[in-house]
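Below: one structure, written as structure tokens.
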Amino acid sequence: MPHYNHALCHIDEIEHESAKGFELNGINFFVVKRDNITRLYLNSCPHLGVPLEHEEDKFLDGDNFYIMCSSHGALFQPEDGLCIYGPCQGQRLSAVDFEIVDQQIMINSAVLTSS
Ligand code: FES
């Protein structure tokens with residue numbers, strides 16, 4: 001059972017139908033909120049391992065429906081990170097486990113320790 005001991009941000013820091021990037025200990029994450037889901041992923045495209053956004057916090061496509069990689073236009077489902085279009089179709093973004101405690105998105109600090 002993971003211990004969620006590091007506060008990433010307040011849940012209200014991320015608008016609905018949007019996403020926000022974070023960098024901690026050299027690791028890039030982003031939180032996406034769409035409909036009633038909130039997810040946290042590593043900010044690394046499974047195609048080439050590069051960050052997804054082309055400008056700060058721009059992780060979604062024009063309709064704010066899919067997560068989009070700005071390099072080659074791969075589209076990912078926000079709910080499970082599955083790539084449904086593009087060069088890495090069928091692959092997934094790496095999800096990071098979290099828990100919401102007192103409106104804070106809490107992660108396990110072990111994910112911040114690079115191997
Ligand atoms: S690096 Fe993301 S689609 Fe190519």
P(r) tail fraction, the chain - alpha-carbon pairs more than 23 Å apart, %: 24 percent
Highest-fluctuation residue, 71, 94, 44 considered, GNM on the chain with Cα pairs under 10 Å: 71
Sorted by packing (mean other beta-carbon atoms within 10 Å per residue), highest first, where do 4-14, 30-40 land? 30-40, 4-14
For the pair residue 77 and residue 17, the simple spin-label estimate (label points 7 Å beyond Cα toward Cβ) gives in nm 2.1 nm
Quick one: dipole size for the chain, taken about the Cα centre, charges +1 on Lys/Arg Cβ and -1 on Asp/Glu Cβ, in debye to the nearest 20. 400 debye
Distance from the Cα centre of the range 87-115 to that of the range 26-82, in angstrom? 13 Å
Putting +1 on Lys and Arg Cβ atoms and -1 on Asp and Glu Cβ atoms, find which of 45, 31, 10 reaches farthest to the positive end of the dipole of the range 7-56. 45
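Computed from the coordinates by the stated procedures, all read-outs in this text should not be read as laboratory data. These numbers come from a predicted model, not from an experiment. Reconstructed Cβ throughout: ideal geometry from the backbone, glycine too, with neighbour counts over all protein chains shown.
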